[in-house]
Amino acid sequence: MKFGDHEAVVPNWDEINKTIRNKLLFFTVVMFGFGYALIPMYEKFCEVTGINSQRIPIEFNSDFKTNISRVIAIELDANARGLNGKFRPLRSLVHIHPGELAEVIYEIKNESDYEIIGQAVPSYSPRNLDQYLRKIECFCFTQQTLRPGEVKQMPVKFFINPELPESIDTVTISYTFFVQESNS
């Protein structure tokens, strides 16, 4: 087509459609591959950051031998995301012998005027501590419901396997409480 001195450019729709189809096919394959790789990537991320995805409590083996010649310092930490209130361990440092059953208490307070539901997620340092830390009881195994103004004290019972490398004498156990639902 010609309009005066200018020629109209007519797009080649077959070529444009083919290009779009090839790009969509490429992105579909890439997204499928990414989705397929998410599980191993998540597991590696948890391994690197020390996040323990173990949710099943175990029973304490009373035959386990406590190493009384060694003391481990355990630093306790707490954080909260989306909580209008406070979340903290009642003690920030405890000392135990490897193999000895220990109990620590975390306290959470809902300072809002509405009910919240949330769950705590543990993380550890050093990052391989989850291989040696065994929780018998933990508030992190289940969701927690807090009424407005409610204060809850929640126990964690655990022991550290005496096979913990001798070079490790201080460990950190941290919980982050995530609010999942709130009736605000």
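Name all residues of region 102-141 having a backbone nitrogen under 18 Å from the label point set 7 Å from the Cα of residue 90 along its Cα→Cβ direction, giving them as ranges.
Backbone N within reach: 102-110, 136-140.
Taking 45 Å as R0, compute the FRET efficiency from the Cβ-Cβ separation of residue 14 and residue 37 and round it to 0.05.
Rounded to the nearest 0.05, the efficiency is 0.80.
Once fully extended, how much extra length lies between residue 125 and residue 68, figured as 0.36 nm per residue of separation less the alpha-carbon to alpha-carbon distance?
Answer, rounded to one decimal: 18.3 nm.
For region 87-184, state which chymotrypsin sites (Phe, Trp or Tyr not before Pro) are in a DSSP loop and have at most 16 other beta carbons lying within 10 Å of their beta carbon. Mind dumping the intermediate values first?
Working: sites: 87, 106, 114, 124, 132, 139, 141, 158, 159, 175, 177, 178; in loops: 114, 132.
Qualifying residues, ordered by number: 114.
Multiply the residue separation of residue 28 and residue 141 by 0.36 nm, subtract the distance between their alpha-carbon atoms, and state the gained length in nm to one decimal.
Full-extension gain reported as 37.0 nm.
Please find the FRET efficiency linking residue 161 to residue 114, where r is the Cβ-Cβ separation and R0 is fixed at 45 Å, and quote it to the nearest 0.05.
Approximately 0.60, to the nearest 0.05.
Note down the nm distance, to one decimal, between modelled labels 7 Å out along Cα→Cβ at residue 81 and at residue 153.
2.9 nm
Read the figures in this text as sums done on the coordinates, not as results from a lab. Model, not experiment: these values are computed from the prediction. FYI the Cβ positions are ideal-geometry reconstructions off the backbone, even for glycines, and counts take in every protein chain you see.
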